[in-house]
Amino acid sequence: MSYFWVALLIFAALSPLIAMRPSKRQLRIARLREAAALNGLYVELKSMPTANSPTAHVAYYACRRQRADGPGTQAGLSMYAREEDGWRALRGAWPARNVALLSQLPASISLVCEDVAGVGVFWDESGSVEDLEPIADTLRGLLGRVS
């Protein structure tokens, strides 16, 4: 009977530690965000500018501008949303060659924004680490063309 109480005591002491372990989803998102940092992107949780609910936060993966004090640096310069037949400008406009770059982005990306800080995408993080390379390449390409 004393073994039972010892085992119960050990289990009671270890259960809070077991409960603190990250879930598989949390580990996957941590890997995505670490890979984003290694690809030169930064990640923020932001409210989507087009969302009906301002409390819904979505991961915003972005590439920073080198300088944000140049001409045309007002917030929200351009915004493109994915639709069934392609990308539609919600605000501002880019040349057709820039819009063509957006076709390289994974289907889980719903919105691309250019602002003072740089160019970024709102992503639901449903993809894998392999999806980050085309995202980073597209953002760097856009940043080089819209700056």
Original post:
From the phi of every residue in the range 80-94, what ³J(HN,Hα) in whole Hz does the Karplus formula 6.51 cos²θ - 1.76 cosθ + 1.60 yield, where θ is phi - 60° and glycine or proline is x?
Top reply: 10, 10, 7, 10, 4, 9, x, 9, 10, 6, 8, 8, x, 8, 10
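Calculate, in nm to one decimal, what residue 7 and residue 124 gain on full extension: separation in residues at 0.36 nm each, minus their alpha carbon distance.
37.8 nm
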Original post:
So what J values fall out for the range 108-124 if you push phi through Karplus, 6.51 cos²θ - 1.76 cosθ + 1.60 with θ = phi - 60°, rounded to Hz, Gly and Pro as x?
Top reply: 7, 8, 10, 8, 10, 10, 10, 9, 4, 6, x, 10, x, 10, 8, 10, 7
Subject >> Model label zone, residue 56; criterion: amide N under 17 Å from point 7 Å along Cα-to-beta-carbon; scope the range 73-112 >> reply: 80-84, 108-112
Subject >> Mean Cβ count within 10 Å, highest first, over the residues of peptides 17-23, 95-101, 36-42 >> reply: 36-42, 95-101, 17-23
**OP:** For n ≥ 4 DSSP H runs only, could you compute -39500 (n - 2.57) per run for the chain, divide by its residues and tell me the 222 nm figure to the nearest 500?
**Re:** -11500 deg cm²/dmol
**OP:** With θ set to phi - 60°, apply the Karplus curve 6.51 cos²θ - 1.76 cosθ + 1.60 along the range 21-38 and write out the HN-Hα couplings as whole Hz, x wherever there is a Gly or Pro.
**Re:** 5, x, 6, 4, 5, 4, 5, 5, 5, 4, 5, 4, 5, 5, 5, 4, 5, 5
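A short reminder: the numbers here are calculations on the coordinates, not readings from a lab. Everything numeric in this text was worked out from a predicted model, so none of it was measured. Here Cβ is always computed from backbone atoms with ideal geometry, including for glycine, and neighbour counts include all displayed protein chains.
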